[in-house]
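Below is one structure, written out as structure tokens; the observations come after it.
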């Protein structure tokens, strides 16, 4: 058994991004039923904000989360969503620092950290995303870039011993997100080990309990190999989480890990 999975269940999270209307609640219900058949796996979905409440009402076995939140609890921030609002709508976690947020909205590590601390105060658990661009990997800077993102994006935890319950890290190489390209398993192992080292440095022994997910074009064909890799505690799944047919094999692959 992989070291981290000896004490933690695999965590499979679907990020629906800017996809989904009420008709997709049928997919969520089917995913929820599948999660019930795979009790050894923690499953969650992060739908668009408009569906958080309806999805929470539709499922019983899976987590429901937001895709982002503001740094402030409330205020004059038109179009934004606070962590308190997410929790009130039924979310139990939030994804922060996704590369699309960093790229499209100019989010820095400091902004991600501030959002993370606001989300923790609202009672949400966190998935903090990190990852390098292809140019950074080709320049041999991947580990340095990702390590700096981890250091700069981690929130200050009032109780560091709770890190494994409040926090997960998602390693998503930017060049593999939505492109169909997937990082080589050996590269994933190296990067997850580097992230673990940073977590241990920041959190002490509690850093060993933080799940590190892989994200970047995860699908039914590659999930088993990625989830079996040393240091991989689950997956953050994009397009393949939009349908039951594509998402269930990934959950099943996690369930079969030993």
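Once divided by 2.2 N^0.38 Å, the Cα radius of gyration of segment 110-258 becomes 1.02. Taking every alpha-carbon pair under 8 Å whose residues sit at least 6 apart, the chain reaches a relative contact order of 22 percent. For the chain, the mean residue ellipticity at 222 nm estimated from helices alone is -11500 deg cm²/dmol, where every DSSP H run of n ≥ 4 contributes -39500 (n - 2.57) and the total is divided by all residues, rounded to the nearest 500. Taking a ≥ b ≥ c as the square roots of the eigenvalues of the Cα gyration tensor, an a/c ratio below 1.5 marks the chain as rounded. In segment 170-250 the Cα-Cα distances spread across 5 Å bins starting at 0 as 3, 17, 26, 23, 15, 10, 5, 1, 0 percent of all pairs. Over segment 190-229, the Kirkwood radius and the radius of gyration, each from Cα atoms, give a ratio Rg/Rh of 1.08.
Bear in mind these aren't lab numbers, they're just calculated from the coordinates by the rules spelled out. Keep in mind that what you see is a predicted model, and the values were worked out from it rather than measured.
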